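Visitor: Here it is: the structure, laid out below.
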Amino acid sequence: MGNVASVRDRITLTGLRVRANHGVFDFERNDGQTFVIDVVAHVDLAPAAAGDALERTVHYGVLAQQVHDAVAADPVDLIETVAERVAAVALAHEAVELVEVTVHKPEAPIAVAFDDVSVTVVRGRA
């Protein structure tokens, strides 16, 4: 990674809601459900701030749309797969050094009362 500041600097998207058809059961694939996505992109923000230059950071509006599109894309069985897909989208931005993605599935087919189920992946550049 870059300097120490870049480890602490981040852009965060919280609570991005996407209607999609992921899941192992037919009714999940047919009916769909809402997935809630949190993305923490670690970016060295000093160069962008110093030059007041959008091109030296990540445009969070663009990232949000890309994440939305990735989650809404082809259905998969596991939210783990959705999280990996979102991490790849974030890391495609040159400025992102590390990303933490949490995929929440608050409507998961669980037989007991619950508020949320989620998975989190942390991925960095190779």
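Throughout, read-outs are computed from the coordinates displayed, never taken from laboratory work. Remember, predicted model here, so these are calculated numbers, not experimental data. Every residue, glycine as well, gets a Cβ built from its backbone with ideal geometry; the counts of neighbours run over all protein chains shown.
Visitor: How far is helix 60-72 tilted, in degrees, relative to the longest principal axis of the Cα atoms in the chain, given as a value from 0 to 90 rounded to the nearest 10?
Guide: 30
Visitor: Relative to the compact-globule scaling 2.2 N^0.38 Å, provide the ratio for the alpha-carbon radius of gyration of the chain. Kindly include the intermediate steps, with their values, before the conclusion.
Guide: Numbers: Rg = 15.8 Å, N = 126, 2.2 N^0.38 = 13.8 Å.
Relative to the 2.2 N^0.38 Å estimate, the chain comes out at 1.15.
Visitor: In addition: Can you pull the one-decimal nm distance between simple spin-label points at Asp115 and Asp26, each 7 Å off the Cα toward Cβ?
Guide: 3.5
Visitor: What is the local net charge at Arg8, summed over the other residues whose Cβ is closer than 14 Å to its Cβ (Lys, Arg +1; Asp, Glu -1)? Spell out each step's value before the answer.
Guide: Values: positive: Arg10; negative: Asp9, Asp44, Glu97, Glu100.
Summing Lys/Arg as +1 and Asp/Glu as -1 gives -3.
Visitor: Around Pro109, what is the net charge, scoring Lys/Arg as +1 and Asp/Glu as -1 over all other residues with Cβ under 14 Å from its Cβ? Numbers along the way, then the final one.
Guide: On the way: positive: Arg29, Lys105; negative: Asp26, Glu28, Asp31, Asp77, Glu107, Asp116.
After counting each charged neighbour, the total is -4.
Visitor: Near the amide H of Leu98, under 5 Å away, which other amide H atoms are found, from residues 5 or more places off or on another chain, if H is placed in the peptide plane?
Guide: His42
Visitor: I need the shape label for region 27-92. Rule: rounded when a/c is under 1.5, else prolate if a/b > b/c, else oblate, with a, b, c from the alpha carbon gyration tensor. Don't skip to the end; give the middle numbers.
Guide: Values: a/c = 3.64, a/b = 2.87, b/c = 1.27.
Because a/c hits 1.5 or more and a/b exceeds b/c, region 27-92 counts as prolate.
Visitor: Same structure again: Please state the charge dipole magnitude for the chain, taken about the Cα centre, from unit charges on C-beta atoms (+1 on K and R, -1 on D and E), reported in debye and rounded to the nearest 20. Working shown, then result.
Guide: Numbers: 10 positive and 19 negative charges, 45 e Å.
For this selection, approximately 220 debye.
Visitor: Still on this structure: Angle, helix 79-91 long axis vs. longest principal axis of the chain, Cα atoms, 0 to 90°, nearest 10?
Guide: Its long axis makes an angle of about 20 degrees.
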